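Undergrad: So that we are looking at the same thing, I have put the structure below in structure tokens.
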Amino acid sequence: MDEVTKNMLIHALRDVFREEKTEGLPTEETKALVLKLAEHDSQKLFLDNTEYKKAVQALNGLRDGYIRAGRYTDGIDTVLIKLMRSKYKRCAVR
């Protein structure tokens, strides 16, 4: 995962975290995912089901905001496509 992709995903999740906090919803999952991304240094990022769904929803929300504001969404689209095309493998929890 390159820095641009990582920063775009953190930006999208930060917006979701703020929305959850203002609505009084639990923010632990989002906070944990942002911290996981901030500490991530290798090329591959491994996400479980809830993290994957949260990341896709966050990027879609950011994209919707950009469209409403009349801004270009090329960068967000690239990150969203990378995430959705990523290989997914189910494994048993040990």
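Undergrad: Please specify each residue of the stretch 1-34 satisfying the condition of being among the hydroxyl-bearing types (Ser, Thr, Tyr) and either touching a strand residue (DSSP E or B) at 6+ places or on another chain (Cβ under 8 Å) or surrounded by 11 or more Cβ atoms within 10 Å (Cβ to Cβ) (or both). I'd like the intermediate steps shown before the answer.
TA: First, the residues of the stretch 1-34 that are among the hydroxyl-bearing types (Ser, Thr, Tyr): 5, 22, 27, 30.
THR5, THR27, THR30, listed by residue number.
Undergrad: Please go through the stretch 35-60 and pick out each residue that is exposed (fewer than 15 other Cβ atoms within 10 Å of the Cβ), touching a residue at least 40 places away in the same chain (Cβ under 8 Å) and assigned to a helix (DSSP H, G or I).
TA: GLN57
Undergrad: I would also like to ask the following. Quick test of your reading of the structure: LYS36 fulfils all but one of (1) closer than 19 Å to VAL79 by Cβ; (2) touching a Phe, Trp or Tyr at 6+ places or on another chain (Cβ under 7 Å). Name the failing condition by number.
TA: Condition not satisfied by LYS36: (2).
Undergrad: Going through the stretch 1-36 one residue at a time, which ones are basic (Lys, Arg) and over 12 Å from the mean Cα position of the chain (by Cα)?
TA: Correct list: ARG18, LYS21.
Any read-out appearing in this document is the output of simple, stated calculations on the displayed coordinates, not a laboratory observation. Everything quoted here is computed from the prediction, not taken from an experiment. Neighbour counts are summed over all protein chains in view; Cβ atoms, including those assigned to glycine, are modelled from backbone coordinates with ideal geometry.
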